[in-house]
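Below is one structure; the comments refer to it alone.
The values are calculated or read from the model by the stated rules, or taken from the named source; none is laboratory data. Predicted, not measured: the structure shown is a model, and the values here were computed from it. Neighbour counts are summed over all protein chains in view; Cβ atoms, including those assigned to glycine, are modelled from backbone coordinates with ideal geometry.
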There are 2 protein chains.
Amino acid sequence: MSTSMYPEYPPELSEDQKSYLLTNLKDWSIAHGLAVRPAPGYVPAGQDPSGALATTAPVTLFPSLFPRLCFEQAKSVAKAYNELYSAIASDEEWLTGIVEELVEIDDFMAGLWKIHQAVKAEGYVQPLALGLFRSDYMVHVDRGSTSQPTVKQVEFNTIASSFGGLSSQVSGLHRHLHSIDAYPDEIASSVNDAALPASSSVPSLARGMAAAHKAYGISTTGLPTCVIFLVQDPERNVFDQRHLEYALNENHGVRTFRLPFGRVLQDTQVDSNRKLIYTPPQNPAKRYEVTVVYFRAGYSPDEYTSDAHWSARLQIERSTAIKCPTVLTQLAGTKKVQQVLATPHSPHLARFLPDHNQASEVLKTFAPIYPLDKSEAGMEARRLAQHPESASRYVLKPQREGGGNNIYRKAIPPFLKDLAETHWPAYILMEMIEPPAQSNTIFRNGETHSGGVICELGIYGACLWQAGTGGKREIVENFEAGYLLRTKGDQSEEGGVAAGFGAVDSPCLVDV
Amino acid sequence: MSTSMYPEYPPELSEDQKSYLLTNLKDWSIAHGLAVRPAPGYVPAGQDPSGALATTAPVTLFPSLFPRLCFEQAKSVAKAYNELYSAIASDEEWLTGIVEELVEIDDFMAGLWKIHQAVKAEGYVQPLALGLFRSDYMVHVDRGSTSQPTVKQVEFNTIASSFGGLSSQVSGLHRHLHSIDAYPDEIASSVNDAALPASSSVPSLARGMAAAHKAYGISTTGLPTCVIFLVQDPERNVFDQRHLEYALNENHGVRTFRLPFGRVLQDTQVDSNRKLIYTPPQNPAKRYEVTVVYFRAGYSPDEYTSDAHWSARLQIERSTAIKCPTVLTQLAGTKKVQQVLATPHSPHLARFLPDHNQASEVLKTFAPIYPLDKSEAGMEARRLAQHPESASRYVLKPQREGGGNNIYRKAIPPFLKDLAETHWPAYILMEMIEPPAQSNTIFRNGETHSGGVICELGIYGACLWQAGTGGKREIVENFEAGYLLRTKGDQSEEGGVAAGFGAVDSPCLVDV
């Protein structure tokens, strides 16, 4: 991490200041549903069998500093990223080349690919696909350079992009705390209304789903229609999802149901016209035609513990319901795709983004990524990764989704030494992004933790597209859909609030 | 309780139906701040020292049945009740007669009266007074009569009328549960949109406070202005208050602070012009001129544990801040006032409500109330109360506010036998209101409790008035301000969700 380009921030608080800030934070968050179900370490399951307790979602006390130009830069490429990934997901031939290399070594990807092939053999019946994407960035400061900081992409999420429901609330929280002078006067020059952007993620993501629901068309079964939220059960981060659901209900009059991934085969069936029919267990006499399946489950290998889970995924994929996402869209989000796009001098970006300006703006957000295969770039990467000195600027990441299991810097050479070389291509090597140093305090599980932090900015994108013949596609909707700022302690190099390390945040934009 | 005039309600639920209803209830409530801090029996204090846990406020699973005409009747007299109690609070001479009888036997009332007299001697400096009242009713069905049910007043609250913040949310909850078919089809004829009135209590009560804040006029000290929420600390029902505060902030741009009753003397002072100046402990360099003090504390004798509490109350009363309520307004809410108004053939109602129509509508909501003094009505009451048979239609209530300590029916004669006769005038005897029987399920502390229930409808009223010379007053604002339905198990004859027995509810209006 570079030395900081930011002003001194946040200030030390007196006991009275801290108490005022925390009291208001705790009350506002619960009053506005910025909440999670408590972790078992906080409230053991036996104490609350009905699961009626909740607590403030992990949040930062202060909005973290973030360069205004970087924030604008990330937002400005959202629509281009929607273009890019909808194009990739529509180019089955190209994806085949990517995936076939991985199925040998990645059972999960192989399973997904098999589903695609089964549905392809039978014939797809739904040309529309919905992407609710999130492109995650960090601010990168070139060491020893005087150039402006830029954002560099960490990853691109094509499935179950989370925290859009809470992000609108946390930007509301920080704006509220500012409005009641919970932030000391000495930082008034940084923290002011113009520096605290609201996140539109709740209404925007709901608008994306509503557009797909509407594009599905009228029910041909005569049944009422609904959108299915495919979920894990139990789910501690349920309010994040509920805010989207309530916005769909209230702003768009769309009926929604939560369906645990493990109940797909019990509660749905595919009729002779491949309509996906949902039967609510609480009212078996009533049936619904499903217009959209929004995946907040089924994205990770460890959720597929039996053949039934694969059958469930197949059942959804072969139906006429609009999938958010399709199997191909999920596969487009593999890190291998990010890697081939970001491999220096790659020809692929131009294939999917023929608009030079768009492609050039997207390219600026890539950090160099290398394969660990036997290509020329791969051989170069192997050299970089095996030497402690050069490895110290890199991170080794598995191709698969879901966070976790990254290998950092000097830990890379010994890790590779212990790994059979045939498995090396399951990893990519990525230049470390070097964010500017800053501090903050995280409130989680009723406790505060202060120290250095790293921020990751996610920009949501909503894209609805329709497949045509020969890989052609027509974009029906394409818009930026709000942001997420996630912040974690800089001692933990693993990412993700969901994984238990971080907090939801909002940016305090600064001109640096 | 009479046999029921209501349809069979609510229906038995299957396990799946109950699970669907409860899951949606638990999630919606937290997402919308229909919450309380958990009771110590649910989460021991040591487990959550920072107080970051919350849970669904005690609520009913179904909206309770309530006769539509009774609901309309209660709403229709709200403005007349505002007139009535603002007139009483403005008639110091009349109130003197009431209070002087009680100060001998009621130290709390004596203390309040002393404060009034001290400020009167010094001279009041704020002619404006704000009342955020709540008139509580039950449906009464005359046994053995064929007449329509009517509402009868249980009590009139002139201070700290609670649950207005949560009531808007619980009507929202029941409407949401209806909209997602959580209520089985078999009750669709009862539960429908037109039967589920929204409660405007949050915006309406905030509007009342905002009107007072505005009427206070501009700051003459040059300091910024604020509204003080005078609160108990700790407060489990904090979200109820926070919703009002946030509505004041957001809808009216009014700055608010929560001030624990025990900190009044530390954090406020009265300047030479009797302005009430608030110094936030978290920012001692900044000071505010207080426009309105909204009492959610200081209403009950057990809060005045030292002379400092009385000094605090005096400090507020003698200042220019608009009190919600003034000491006189709090005293106007004593049960003794309710009693003399509702004593059969009382002349007092006409004194305060010269409009015959208004007075007659208000009179219809009175249940007969007798003093236990040595007046003619009092001697009649003593006879009724001492005989087990006649006593079984009555409740004996202490004059003081706050709920609790009521003596019911056959328990009255032995209670009076053990009580020195000199203390009898501290009680009133009231005819029991006989509500129709019905059932419901209450969800509280993560558990459900089903059975017979009793409902109490509270109608909020907002009234801002200005004292003139010779007891004349001018009404500045007078409006109905939403409703509250509180429901408790019928085995507990004590009232009040706050006391731990009941739940917040909303009405399902029925034509009976």
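Quick rundown of the values:
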item	result
Some residue of the range A:314-325 being in contact with a Leu (Cβ under 9 Å, 6 or more places away or on another chain), under 19 Å from residue A:231 (Cβ atoms), within 14 Å of another protein chain (Cβ to nearest Cβ) and modelled with pLDDT of 95 or more	no
Positions within the range B:23-42 being more than 7 Å from chain A (Cβ to nearest Cβ) and free of Cβ contacts under 8 Å to residues at least 40 places away in the same chain, in sequence order	B:23, B:40
Given (1) in contact (Cβ under 8 Å) with a residue 40 or more places away in the chain; (2) more than 10 Å from every other protein chain (Cβ to nearest Cβ), number of the condition residue A:54 does not satisfy	(2)
Only listed residue being touching a residue at least 40 places away in the same chain (Cβ under 8 Å) and in contact with a strand residue (DSSP E or B) (Cβ under 8 Å, 6 or more places away or on another chain), chosen from B:9, B:20	B:9
Residue in the range A:265-303 that is nearest to the other protein chains (Cβ to nearest Cβ), counting only those that are under 21 Å from residue A:132 (Cβ atoms) and assigned to a loop (DSSP other than H, G, I, E, B)	A:296
Scope the range A:105-137; condition surrounded by 20 or more Cβ atoms within 10 Å (Cβ to Cβ), aliphatic (A, V, I, L, M) and not in a helix (DSSP H, G or I); matching residues	A:128, A:129, A:130, A:132
Single match in B:128, B:177 (criterion: modelled with pLDDT of 95 or more, over 15 Å from the mean Cα position of the chain (by Cα) and within 30 Å of residue A:252 (Cβ to Cβ))	B:177
Among (1) in contact with a strand residue (DSSP E or B) (Cβ under 8 Å, 6 or more places away or on another chain); (2) under 17 Å from residue B:428 (Cα atoms), the one test that residue B:364 misses	(2)
Given (1) out of contact with any strand residue (DSSP E or B) (no Cβ under 9 Å at 6 or more places or on another chain); (2) away from chain B (no Cβ under 14 Å); (3) buried (at least 19 other Cβ atoms within 10 Å of the Cβ); (4) of a type outside the set (A, V, I, L, M), index of the condition residue A:306 fails	(3)
Qualifying positions in the range A:401-431 - assigned to a loop (DSSP other than H, G, I, E, B) and either acidic (Asp, Glu) or closer than 26 Å to residue A:58 by Cα (or both)	A:401, A:402, A:403, A:404, A:405, A:406
Residue B:153, sole failed condition from (1) within 14 Å of chain A (Cβ to nearest Cβ); (2) modelled with pLDDT of 95 or more	(1)
Residues (surrounded by fewer than 24 Cβ atoms within 10 Å (Cβ to Cβ) and among the polar types (S, T, N, Q)) located in the range A:73-89	A:73, A:76
Index of the failed condition, residue B:487 passing every other in (1) assigned to a helix (DSSP H, G or I); (2) polar (S, T, N, Q); (3) at pLDDT 95 or above	(1)
Verdict on residue A:385 being farther than 27 Å from residue A:209 by Cα and of a type in the set (A, V, I, L, M)	yes
Matching residues in the range B:179-197 - criterion: being within 14 Å of chain A (Cβ to nearest Cβ) and touching a residue at least 40 places away in the same chain (Cβ under 8 Å)	B:180, B:182, B:183, B:184, B:186, B:187
Number of the exception - residue A:266 against (1) more than 29 Å from residue A:304 (Cα to Cα); (2) out of contact with any strand residue (DSSP E or B) (no Cβ under 8 Å at 6 or more places or on another chain)	(1)
Subset of the range B:212-224 (residues that are touching a His at 6+ places or on another chain (Cβ under 9 Å) and surrounded by fewer than 19 Cβ atoms within 10 Å (Cβ to Cβ))	B:214
Matching residues in the range B:216-252 - criterion: being touching a Gly at 6+ places or on another chain (Cβ under 7 Å) and among the aliphatic types (A, V, I, L, M)	B:230, B:244
Residue match in the range B:233-244 (condition: within 25 Å of residue A:31 (Cα to Cα), within 14 Å of chain A (Cβ to nearest Cβ) and surrounded by fewer than 16 Cβ atoms within 10 Å (Cβ to Cβ))	yes
Any hit, the range A:249-261, residues being in a helix (DSSP H, G or I), surrounded by 23 or more Cβ atoms within 10 Å (Cβ to Cβ) and within 14 Å of chain B (Cβ to nearest Cβ)	no
Residues of the range B:41-71 classified as of a type in the set (D, E, K, R) and under 25 Å from residue B:456 (Cβ atoms), total	1
Options A:306, A:392, A:300, A:346: the member that is more than 17 Å from residue A:160 (Cβ to Cβ) and at pLDDT 95 or above	A:306
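A quick yes/no check of all residues on (1) without any contact (Cβ under 8 Å) to a residue 24 or more places away in the chain; (2) farther than 25 Å from residue B:242 by Cβ:
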| site | (1), (2) |
| --- | --- |
| B:296 | no, no |
| B:312 | no, no |
| B:327 | no, yes |
| B:340 | no, yes |
| B:346 | yes, yes |
| B:366 | no, yes |
| B:373 | no, yes |
